[in-house]
Amino acid sequence: MPSAGPSRRRAPARSPATGRLAAPGLVVCSAVAAQSGAAYAVHLLALTNPVSGAWIRNAVGAVVVLGLLVARRGSLAGIRWRVALVYGCVLALMNTSFYFGIQRLPLGDAVAVEFLGPISVAALGSRTRRDAAWVLLAAAGVVAISRPGPAHLDYAGLGFILLAGGFWAGYILVGRRVATGARRADTFAAALTVAALVLTVPGFTLAAGRLGDARVLEVGVVVGVLSSVIPYGVELLALGRVRAHVFGILLSLQPLMAGLMGFLILGQQPVLLDYVGFLFVVAASAGVTLSARPDEAPAVEPVTAG
């Protein structure tokens, strides 16, 4: 006879296609938010400076994420503080050097050059000719967008963006450890707090009283939410679903979004070679996604934040 006890409804299994497309969808959401925030950061930098702008961004992000942590009765006790400290320092340095760069370069160009960091992660992690082909295609797109040369690029800006690209590569590698470890939301909150604390003294000092300006605070909140809270949280979910080098190629969507937001928000008009480069990087992102094999799932299943 059938059992009189309550029946348990089995959760529907996620299809391979759904799992394969989950990470790209998350990265697209992250790219839209991050590059919208970067475009608004240009306005913030016009009101203050790169160090103070990076501090405001991380401070806003830390306050929001810690508030969410408290609301769900989370705790910073027992998290992986060594990883959080490294992650927070990488975030602070990456944000600051990027802001120095976008003071001197168009947003789309800056993100395209900065993408050399994720491309390096993709190249070092690639094991097959197929992956190498997508890396080369993405790299060709970056070259087409950046068009390096004395008539196009500011070399001080280029230096800052290359530095930011190196920290971006570190963000992917350290973020992978956060994404696949326990209590990733708590570790993320701690890292944002560390990033804000690292920049507090120089950021507050260089702000020179501008923090009382309502416009600075208004734009700073927008930048903090769009640039830190949404993209980093979403990317941690994506990093838990794909390997680091695949994630690096998926991030090639960032120059496309940067060019689009630079046009929509800042009025920066792309030229023909920009569109060619955007086509290449989008093709690389689609290629690595659609050709991924089932055995390319992450080696460690992430622990879902409560």
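Please state which one of 163, 197, 217, 173 is modelled with pLDDT of 85 or more, part of a helix (DSSP H, G or I) and over 26 Å from residue 81 (Cα atoms). Walk me through how you get there before you give the answer.
On the way: 163 fails: over 26 Å from residue 81 (Cα atoms); 197 fails: over 26 Å from residue 81 (Cα atoms); 173 fails: over 26 Å from residue 81 (Cα atoms).
Within the list 163, 197, 217, 173, the selection yields 217.
Yes/no matrix, rows are residues, columns are (1) without any contact (Cβ under 8 Å) to a residue 24 or more places away in the chain; (2) under 22 Å from residue 32 (Cα atoms); (3) crowded, with 24+ Cβ neighbours inside 10 Å:
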position	(1), (2), (3)
108	no, yes, yes
131	no, no, no
140	no, no, no
144	no, yes, no
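Residues checked against (1) outside any helix (DSSP H, G or I); (2) within 23 Å of residue 144 (Cα to Cα):
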{"position": "29", "(1), (2)": "no, no"}
{"position": "63", "(1), (2)": "no, no"}
{"position": "67", "(1), (2)": "no, no"}
{"position": "70", "(1), (2)": "no, no"}
{"position": "83", "(1), (2)": "no, no"}
{"position": "92", "(1), (2)": "no, no"}
{"position": "105", "(1), (2)": "yes, yes"}
{"position": "110", "(1), (2)": "no, yes"}
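Yes/no per residue for (1) at pLDDT 85 or above; (2) of a type in the set (Gly, Ala, Ser):
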position: 97; (1), (2): yes, yes
position: 103; (1), (2): yes, no
position: 106; (1), (2): yes, no
position: 113; (1), (2): no, no
position: 118; (1), (2): no, no
position: 121; (1), (2): no, no
position: 129; (1), (2): no, no
position: 134; (1), (2): no, no
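The values are calculated or read from the model by the stated rules, or taken from the named source; none is laboratory data. Remember, it's a predicted structure, so these values are computed and weren't measured experimentally. Methodologically, a virtual Cβ is constructed for each residue, glycine included, from the backbone with ideal geometry; neighbour enumeration extends over all protein chains shown.
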